[in-house]
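One structure below.
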Amino acid sequence: MSKKPNELSPLHAQAETQFAQVPEKLWKPRPAEELLQELQVYKAELEIQNETLWQAQIELEASHDRYMDLYDFAPVGYLTLTSEALIAEVNLTGAALLGVNRKELLLHRFAHFIAEDYTDNWYLFLGSFLQRDERQSCELVLKHSNGQNFHAHLDCLHIKAGNGEHLVRIAFTDISERKQAEEALSIAAIAFESQEGIMVTDAHGVIQRVNNAFARLSGYSSEEVVGKTPALLSSGRHDKDFFQGMWTALNEQKYWQGEMWNKRKNGKIVADWLTITAVTTLDGNITHYVGIVSDITSNPESLAEIHRLAYYDFLTQLPNRRMLLDRMKQALAASSRSKHYGALLFLDLDNFKNLNDTRGHYIGDLLLVEVARRLNAIVREGDTVARLGGDEFVLMLENLSEDIQEAANQAGLVGKKVCDAIASSYLLEGIELRCTASIGVGLFFGHEASVDELLKHADFAMYHAKKEGRNSVRFFDPEMQATLINRSALESDLHHALERQQLRLYYQIQVGNERHAIGAEALLRWVHPERGLILPEQFIPLAEKTGLILPIGLWVLQTACAQLSDWADNPATSSLQLSLNASALELRQPDFVEQVQRAILVTGINPTLLKIELTESLLIDNVYDTVAKMNALKALGISFSMDDFGTAYSSLAYLKQLPLNQLKIDQSFIRDLGENPSNAALVQAIILMGRTFGLDVIAEGVEDEAQLAFLNLNGCHAYQGYLFSRPLPLAEFEEFVERV
Ligand code: C2E
Ligand code: MG
Ligand code: MG
């Protein structure tokens with residue numbers, strides 16, 4: 001087919017049509033300025049777009065940082081575990097909760113951070129969690145690297161990583177405080193249901209809660225009292241002052257305790273023992289009051305029991321010291337009105353401790369009960385028999401004659417009767433026993449002497465009766481009065497003895513089998529400005545009674561250590577072991593070991609040259625404490641000797657426990673070694689016992705050659721006594737050791 005002139009080819013025609021559809025402004029030629037203007041607008045738009053992109057980039061990064069901050073410092077720990085339960089990721093809080101550096105946690109098994117007892121729980125939980133596709137939580141105990149475990153709550157979630165791996169995301173928190181609070185609550189809940197009635201009010205005294213015991217006690221149900229005030233229970237028996245006192249105490253001390261008459265629902269008025277404690281916030285504001293009520297009148301038996309326990313001796317049912325003091329006060333007042341004399345008889349059984357030790361406490365107790373019965377049988381109605389404790393009893397006789405001599409005769413007669421009654425034989429559990437008593441008597445007339453003084457007088461007279469051979473009655477007399485006054489003067493002087501530098505240490509040599517000096521004992525002396533040299537027997541008991549033995553003992557320790565340090569440079573003294581005496585009171589001080597340690601440190605002495613002599617009275621106290629202190633001192637190098645050995649009843653079991661180095665045979669056995677065969681046997685036994693326990697044995701009070709020969713023959717290791725030297729003042733002692 002041929003193409004006609006002016007006819008458009010089909011392709012061209014299509015292009016024409018398409019072109020016709022293009023807006024004119026796109027093809028129509030435009031002036032250059034217009035185009036430039038348009039370009040500038042376009043460029044400006046582009047710049048704006050660029051800026052926005054840039055902003056978006058910054059914001060994106062910031063939000064990532066924000067996310068990381070939120071993640072790391074979230075108040076909970078986040079962990080991501082791999083499908084093998086290894087830690088893939090952890091936030092900073094999580095690492096801090098476990099106390100482990102984040103890097104050290106990564107790719108470690110999470111189970112390592114769970115307390116041993118809880119790992120089974122964890123695996124059980126994980127097993128069930130992995131099978132189900134849901135969020136689950138559990139509680140575990142996790143380990144902190146400082147060794148302290150804590151309760152944790154774990155929220156676990158499945159997530160799928162980009163590579164398709166299944167991960168576990170855990171959020172965990174420390175719930176130890178909550179756990180503790182829960183435990184405290186459950187304890188409180190149990191305590192709340194105790195046998196005592198409990199009532200809780202708010203700060204205005206409106207009852208919030210009562211327990212079952214309260215409902216039982218008061219007769220009101222919980223519904224009847226909640227919302228009311230305790231005025232509901234008011235008996236009307238207390239005045240305004242009473243309540244004012246109570247509120248003052250509650251406001252100031254946050255605590256009040258006392259007896260209160262309350263009315264029960266049935267109208268009965270009873271005495272309750274009430275303890276109120278205010279509950280406060282940390283800043284001291286009262287939020288609640290907790291009242292604990294126990295009924296004391298509805299149970300007359302318990303009231304009587306309380307009274308009995310307070311005023312009577314448990315074993316013998318006799319009045320105790322408290323009751324005696326009460327009755328003495330009344331008796332003095334009565335004597336002052338009636339002008340009649342009264343008497344106090346202080347009775348102490350002879351050798352009771354021995355009997356207790358040899359026959360056992362059960363028989364000892366039976367004897368005390370029988371003595372109480374005999375005493376009660378002797379006195380008249382209205383007189384008092386009391387037990388002060390141990391084997392000490394007091395009889396108080398009232399309404400004796402108006403004439404002092406006559407009254408003394410009457411009291412003396414009763415004393416004699418008591419002595420006879422006690423001395424007649426006892427049959428206890430089929431065992432026939434004998435026992436005697438020493439009695440001291442003091443008369444009283446009105447308020448001439450105080451209750452304390454009277455007891456002291458009778459006690460002192462009893463002490464004289466004991467000294468004069470036991471089984472006898474001794475009256476308190478003016479001479480004793482003088483001694484007592486003298487003693488109290490001595491006591492007040494003793495308070496200044498240390499600061500006035502009146503104390504001295506004397507030294508007595510200790511020798512070995514070849515009579516060569518091996519050591520010395522430091523013995524205390526008091527150089528009194530008026531009384532001259534006072535021996536320890538006269539003032540150590542006083543020092544122990546007043547507690548002055550503690551500063552005095554410390555002085556002895558420090559002086560002895562200083563002496564050892566001084567002797568260290570002299571060949572005649574440098575190897576002497578120095579013994580010092582320590583009383584039970586000293587050893588009982590909690591810092592006794594430190595005191596010795598310090599004295600050694602300050603003086604720089606060789607601790608193996610220091611020996612401490614203890615007496616068996618120490619064993620009466622806490623043996624475990626004594627052993628612990630002795631061991632601590634022994635570890636320093638110090639040695640121990642058991643002084644006056646054989647005079648007290650020593651339990652072998654105790655002796656074995658004590659880390660001793662030496663037994664010191666008491667001088668009383670050495671003194672009549674020649675005449676008394678049983679003493680000789682005892683000394684032999686002690687030496688043998690020493691050998692069995694691996695202890696040295698030293699004899700004290702060796703005064704003659706025969707004693708020394710006997711001891712030497714029987715294997716004694718060391719000796720001390722006048723045969724070698726008396727205790728000497730320092731200068732004389734030093735001169736003496738140079739010579740031997
Ligand atoms: P002790 O520790 O058994 O001391 C031995 C006592 O026997 C000393 O009496 C000593 O002088 C004396 N003596 C030594 N050899 C003989 C002798 O051959 N024949 C006789 N008849 N006696 C001899 P002293 O110095 O009067 O001390 C008496 C007690 O006072 C001591 O008995 C001791 O228990 C205590 N004592 C002494 N110094 C101290 C001290 O610094 N602290 C404490 N807590 N008690 C001390
Ligand atoms: Mg001694
Ligand atoms: Mg001794």
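General observations
- Subset of the range 249-300 (residues that are closer than 17 Å to residue 194 by Cβ and part of a loop (DSSP other than H, G, I, E, B)): 296, 299
- Hey, residue 599 more than 12 Å from ligand 1 (Cβ to nearest atom), free of Cβ contacts under 8 Å to residues at least 24 places away in the same chain and small (Gly, Ala, Ser) or not: no
- Residue match in the range 551-574 (condition: in contact with a Cys (Cβ under 9 Å, 6 or more places away or on another chain) and assigned by TED's automatic domain parsing to the domain that holds residue 508): no
- Residue in the range 148-159 that is out of contact with any Lys or Arg (no Cβ under 9 Å at 6 or more places or on another chain), farther than 26 Å from residue 261 by Cβ and either of a type in the set (A, V, I, L, M) or part of a strand (DSSP E or B) (or both) present: yes
- Residues of the range 558-595 that are more than 24 Å from residue 517 (Cβ to Cβ), more than 16 Å from ligand 2 (Cβ to nearest atom) and of a type in the set (Asp, Glu): 591, 594.
- Looking at the range 632-740, the strands (runs of 3 or more DSSP E) lying wholly inside it that each contain 2 or more residues that are among the charged types (D, E, K, R), assigned by TED's automatic domain parsing to the domain that holds residue 617 and within 14 Å of ligand 3 (Cβ to nearest atom) sit at 639-645.
One line per residue, one yes/no per condition, for (1) at pLDDT 95 or above; (2) out of contact with any Ser or Thr (no Cβ under 6 Å at 6 or more places or on another chain):
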site	(1), (2)
396	yes, no
429	no, yes
440	yes, yes
447	no, no
452	no, yes
471	no, no
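- Filtered by the rule that a residue be under 33 Å from the mean Cα position of the chain (by Cα) and crowded, with 20+ Cβ neighbours inside 10 Å, the range 338-363 gives a lone residue, 356.
- Here 166, 238 are screened, and the one residue that is assigned by TED's automatic domain parsing to the domain that holds residue 94 and either under 30 Å from residue 82 (Cα atoms) or touching a strand residue (DSSP E or B) at 6+ places or on another chain (Cβ under 9 Å) (or both) is 166.
- First in the range 148-169 and surrounded by 13 or more Cβ atoms within 10 Å (Cβ to Cβ), second anywhere and among the aromatic types (Phe, Trp, Tyr) and not in a strand (DSSP E or B), Cβ under 7 Å, 6 or more apart: 156/129
- Single condition residue 572 does not satisfy, out of (1) in a helix (DSSP H, G or I); (2) surrounded by fewer than 18 Cβ atoms within 10 Å (Cβ to Cβ): (1)
- The residue of the range 685-723 that is nearest to residue 576 (Cα to Cα), among those that are more than 13 Å from ligand 1 (Cβ to nearest atom), among the polar types (S, T, N, Q) and at pLDDT 90 or above, is 712.
- Count of the range 546-566 residues which are touching a residue at least 40 places away in the same chain (Cβ under 8 Å) and more than 12 Å from residue 520 (Cα to Cα): 13
- Only one entry in 201, 173 is under 22 Å from residue 272 (Cβ atoms), surrounded by 11 or more Cβ atoms within 10 Å (Cβ to Cβ) and out of contact with any Ser or Thr (no Cβ under 6 Å at 6 or more places or on another chain), namely 201.
- Enumeration of residues in the range 535-547 that are out of contact with any Phe, Trp or Tyr (no Cβ under 9 Å at 6 or more places or on another chain) and outside any helix (DSSP H, G or I): 547
The values are calculated or read from the model by the stated rules, or taken from the named source; none is laboratory data. These numbers come from a predicted model, not from an experiment. Backbone-built Cβ (ideal geometry, glycine too); neighbour counts: all protein chains shown.
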